[in-house]
1. What distance in nm separates the simple spin-label points at ASN84 and ALA17, each placed 7 Å from Cα in the Cβ direction?
2. Along Cα→Cβ, 7 Å out, is where each label goes; now give me the distance between the ones at LEU59 and ARG71 in nm to one decimal.
3. Take peptides 70-78, 48-56 and line them up by average Cβ neighbours within 10 Å, highest first, as a rough protection proxy.
Amino acid sequence: MLAGEVDKPIVDQTGLAGTFDYTIQWNGRLPGPPPPDAGTPPPPDPQATTFLQAVREQLGLKLVSAKGSVRMLVIDRVEAPTGN
C-alpha cells in the first residue's frame, strides 16, 4: 500500500475499457524499507503532494471508500499427506 494512503483493495468502476499508459508524479515515497545503500530516509515533507492528490489532479480520478464484496479463499481444514 502507499504509505498509509491506500489501505484497501482498489476496484475499477470507471467503465473505461482498454489499456492506458500514463505517468504520475508525486513527492512521496513508496512504502517499505529503503534500499540497503540509501541510508536514513529524510522525514516526510508535510507540504508534499500526496498520492491521492496526484491521482485526482493528474489523472482526474477520485478514490472513494465504499463497502462491497471481496473474493477470498477460505481453508477450513488441513491434513498431512498420506503415503502411497
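1. Here the modelled spin labels are 4.8 nm apart.
2. 2.1 nm
3. On the way: 70-78: 4.9, 48-56: 15.3.
The most tightly packed comes first, giving 48-56, 70-78.
Since every read-out is calculated from the coordinates, none of them should be taken as a lab result. Treat the numbers as computed from the prediction; the structure is a model and nothing was measured. Virtual Cβ from ideal backbone geometry, glycine too; neighbours counted across all protein chains shown.
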